[in-house]
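Read the structure below first, then the notes.
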Amino acid sequence: MQKFPRETLDARAARLLAHCQIFKPEGNGPFPTAFLFHGCGDNDGPQPGYAKAAAQKGIASVVVDSFRPRDISLTEARILVCTGLRLWGRERAGDLIALLHWARGQDWVQADRLAAAGWSHGGWTVMDALALGPEVAEFADLEGVPADPLAGLSTAFLVYPWCGLGAQTLRKGWQKAIPAYLMLGENDTLSGTHLPLKAADKVRLSGATVETLIYPGATHSFDEETSVNPTFRFNPEQTADAQARFADWMARHLL
């Protein structure tokens, strides 16, 4: 496991892109584009399924792997990242800031129609980026961060995000009042529903619209088939519904 050095946005983006998966719709673009951030589990988890659903609606996706560029193994992710010992959301938020910067220079990306989506730790990451804005530079060791590093970001989609210790939204709200969708599991014993719903209320105070959905009986990582945590239960029906809702939300706010 390694920590990134202090570097420019371009350098950070280059590290990440070597391990990203890019899904594009048919055609030449430019396409509205979403950035998808995994949780602490398998970094080859459910995100590609969501990306493929969005592609059917004409939206591109970049599935971001924040672990491999840092040499974080799955075991280290569970022991160190999931427990909050390493790589808090505010540090990882630099990954989103760097990739948004990169996206604004791509001719196949519609740079004023960008989205960020995060699952669990990835949701913490996206929400911290929205709460901190240019302050992310300090925590992520980034140089050359502009005054509005979230330029072009039009919506956020958050699936069972961590909103507890270390998360910034409940303390600061969001610096960018964009519409957001919050998807939770009724029986989630990790992220729960109480703090994410409180965070949603805090975001609404800044003028953002937040829609929420709580799946009955769903656990944390209900959409992750490969999870080895015995308290997490994969639900294929809810996963298919979640993917369809993701694609519809992105189409509604990006097209």
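Considering each of Ala18, Ala14, Ala55 in turn, give the residue that is surrounded by fewer than 21 Cβ atoms within 10 Å (Cβ to Cβ) and either of a type in the set (Val, Ile, Thr) or under 20 Å from Ala151 (Cα atoms) (or both). First the steps, then the outcome.
Numbers: Ala18 fails: either of a type in the set (Val, Ile, Thr) or under 20 Å from Ala151 (Cα atoms) (or both); Ala55 fails: either of a type in the set (Val, Ile, Thr) or under 20 Å from Ala151 (Cα atoms) (or both).
After applying the criteria, what remains is Ala14.
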* Mind checking whether some residue in the range 55-65 is touching a residue at least 24 places away in the same chain (Cβ under 8 Å), more than 15 Å from Gly122 (Cα to Cα) and of a type in the set (Asp, Glu)? -> no
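Whether any residue in the range 148-161 is open to solvent by 10 Å² or more (accessible area, probe 1.4 Å) and among the aromatic types (Phe, Trp, Tyr) is what I want to check.
Going through the range 148-161, the residues open to solvent by 10 Å² or more (accessible area, probe 1.4 Å) turn out to be 148, 151-152, 154.
Subset that is among the aromatic types (Phe, Trp, Tyr): none.
No: the range 148-161 contains no residue that is open to solvent by 10 Å² or more (accessible area, probe 1.4 Å) and among the aromatic types (Phe, Trp, Tyr).
When you scan the range 168-255 for helices (runs of 4 or more DSSP H) that lie fully inside it, which ones turn up with 1 or more residues that are touching a strand residue (DSSP E or B) at 6+ places or on another chain (Cβ under 8 Å) and open to solvent by 70 Å² or more (accessible area, probe 1.4 Å)? Even if it seems obvious, please write down each step before you answer.
Details: elements: 169-172, 194-205, 236-254.
Here the list reads 194-205, 236-254.
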* To do: May I ask you to verify whether Pro134 is within 26 Å of Lys172 (Cα to Cα), open to solvent by 10 Å² or more (accessible area, probe 1.4 Å) and in a loop (DSSP other than H, G, I, E, B)?
  => no
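Residues in the range 68-113 that are more than 18 Å from Ile178 (Cβ to Cβ) and either open to solvent by 20 Å² or more (accessible area, probe 1.4 Å) or out of contact with any Cys (no Cβ under 8 Å at 6 or more places or on another chain) (or both): how many?
The number of residues fulfilling the criteria is 30.
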* To do: Could you grab the pairs with beta carbons closer than 8 Å, sequence gap of 6+ or different chains, first residue in the range 125-152 and within 16 Å of Arg6 (Cβ to Cβ), second one open to solvent by less than 30 Å² (accessible area, probe 1.4 Å) and of a type in the set (Lys, Arg)?
  => Ala140/Arg12; Ala140/Arg92; Leu142/Arg12
* Structure fact -> For the range 194-215, pairs from a residue that is closer than 18 Å to Ser154 by Cβ to a residue that is at pLDDT 95 or above and assigned to a helix (DSSP H, G or I), with Cβ under 6 Å and 6 or more apart or across chains, are Val210/Ala200; Val210/Val203; Val210/Arg204
* Would it be correct to say that Ser206 is under 23 Å from Cys163 (Cβ atoms) and touching a Ser or Thr at 6+ places or on another chain (Cβ under 6 Å)? -> no
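The values are calculated or read from the model by the stated rules, or taken from the named source; none is laboratory data. In this text the structure is predicted, and so the values were computed from the model without any measurement. Counting neighbours? That spans all protein chains shown, and the Cβs are built from the backbone with ideal geometry, glycine included. Each accessible area value is taken on the protein alone, full model and side chains, heavy atoms only, with ligands, DNA and RNA left out. Shrake-Rupley method; radii C 1.70, N 1.55, O 1.52, S 1.80 Å.
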